[in-house]
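J.: Mind having a look at this structure? Questions to follow.
The values are calculated or read from the model by the stated rules, or taken from the named source; none is laboratory data. Remember, it's a predicted structure, so these values are computed and weren't measured experimentally. Here the Cβ positions follow ideal geometry from the backbone for every residue, glycine too, while neighbour counts run over all protein chains shown.
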Amino acid sequence: TNMMRVAVIGGEGIGPEVTAQASRVLAWFSERRRLPVEVAEAEFGLEAYRRTGKVIPPETRAAIEGADAILFGATGGPETAEVPPEARREGSLLKLRRSLDLYANLRPIVTDPALYDSAPLKERVLNGVDFVIVRELSSGIYFGEPRGIESRPDGSRRGFNTNSYTSEEIRRVARFAFELARSRRGRLCSVDKANVMEASVLWREEVIALHADEFPDIKLSHMYVDNAAMQIVRAPSQFDVMVTDNIFGDILSDCAAMAAGSLGMLPSASLGPADAQGRRTALYEPVHGSAPDIAGRGIANPLGSILSVAMMLRLTLGRPDDAILLERAVGDALAHGARTADIAEPGRAPVSTAAMGDAVLASLDRLAG
Ligand code: NAD
Ligand code: IPM
Ligand code: MN
């Protein structure tokens, strides 16, 4: 059959809470839109470690290997200190991204007028914001060698990391971003720190060469990352597609989340290389983390995770119309006043994580007729 398999991994903190709502949405598409999808829940993180001695138990690895897509929640938090460093390194989200070669991380940022009051930016700044950060996810300073903490003869210590990019690592993520720009408004902004770092000098050279070789129709610009952070706050509507390295993309996407009203709103897709049939290994997750400050209270915003399902519908499951339907349902739920605490309206009681899931499902029922 053409049954697609999705591995659902809630993880830690608010991860399982938001992912439960995204799973209900996925089930709605399976039941109501005949989406041929088989969902397998898998353990990851502290609970898995306590039960099996591994952060990623063998069953979870098997579920990941057999999956067409992974829906991930979040990882991290104070209690995870009880997991010894070796087990954590072995079983980390970073290791998973690296081992699956998920080099292209798409983080779209759109504004909805219903959430303008939640954003700390002015209405005229929020109008027309619709851009995608393409973050390189499998290399850079996150993974470069040498790295470590060393003791020095004078008794002091030195912590060090290496920011490293090969030309091929730069070209493949830049190619992905150029192609994305071609399917959108035809503009690409490459963000680097080429005035200081050699890895960025090479980044810029490779992007310029690729532009000349393969994408002369795309309007390419370059920006230093410090200016880019300022421009995202000053005038985010200037961007169409932004491509940047691993650490800059991490920081700029949390910054850009403020245009969307809350970090809890942002979805993401992390994609590996395409095979001969054009299929890519894919992991979908909200941009936010485990949010230990609100975990366990049922108040987290599940929309970043739910919108990650929309990205999955579009990019892995071959259902662009259903992706649009889900994005419209999220807009409809917000328009009807459903608000978790992070996007609450003054003077109105916020709803729970589950009630936000209910609201999206009700909107799906309404829009699907
Ligand atoms: P965080 O993203 O977990 O939280 C930052 C702030 O945003 C917190 O105040 C939190 O309450 C709020 N927030 C985040 N998501 C929200 C949601 N869905 N609804 C409402 N509010 C939300 O970042 P942090 O506090 O710096 O990190 C906490 C832990 O999460 C750390 O261990 C970090 O390493 C980890 N982390 C994991 C991921 C991931 O799994 N992909 C991403 C970021 C951080
Ligand atoms: C993210 C997170 C991760 C990152 C952490 C949890 C390692 O912040 O996905 O944005 O830095 O990539
Ligand atoms: Mn981050």
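J.: Given (1) within 14 Å of ligand 2 (Cβ to nearest atom); (2) loosely packed, with under 14 Cβ neighbours inside 10 Å, where does A256 come up short, assuming only one miss?
T.: Evaluating A256 over (1) within 14 Å of ligand 2 (Cβ to nearest atom); (2) loosely packed, with under 14 Cβ neighbours inside 10 Å leaves (2) as the failure.
J.: Considering each residue of segment 81-94, count those that are away from ligand 3 (no atom under 16 Å from the Cβ) and surrounded by fewer than 21 Cβ atoms within 10 Å (Cβ to Cβ), and give that number.
T.: Selection size over segment 81-94: 9.
J.: Being at pLDDT below 95, more than 16 Å from ligand 3 (Cβ to nearest atom) and not assigned by TED's automatic domain parsing to the domain that holds E179: is that true of E43 here?
T.: So E43 does not fit the description; no.
J.: Can you confirm whether segment 137-158 contains a residue that is touching a strand residue (DSSP E or B) at 6+ places or on another chain (Cβ under 6 Å) and of a type in the set (V, I, T)?
T.: Yes: one or more hits.
J.: Mind counting the residues in segment 270-279 that are buried (at least 21 other Cβ atoms within 10 Å of the Cβ) and either more than 12 Å from ligand 2 (Cβ to nearest atom) or at positive phi (or both)?
T.: So the count comes out to 1.
J.: Only residues in segment 11-40 that are without any contact (Cβ under 8 Å) to a residue 60 or more places away in the chain count as the first member; pair them with residues that are part of a loop (DSSP other than H, G, I, E, B), Cβ under 7 angstrom, at least 6 apart or cross-chain, and list the lot.
T.: Hits for this filter: P36/T1; P36/N2; P36/M3; E38/M3.
J.: Among the residues of segment 101-136, write down those that are more than 20 Å from G304 (Cα to Cα), out of contact with any strand residue (DSSP E or B) (no Cβ under 8 Å at 6 or more places or on another chain) and among the charged types (D, E, K, R).
T.: Residues satisfying the conditions are K122, E123, R124.
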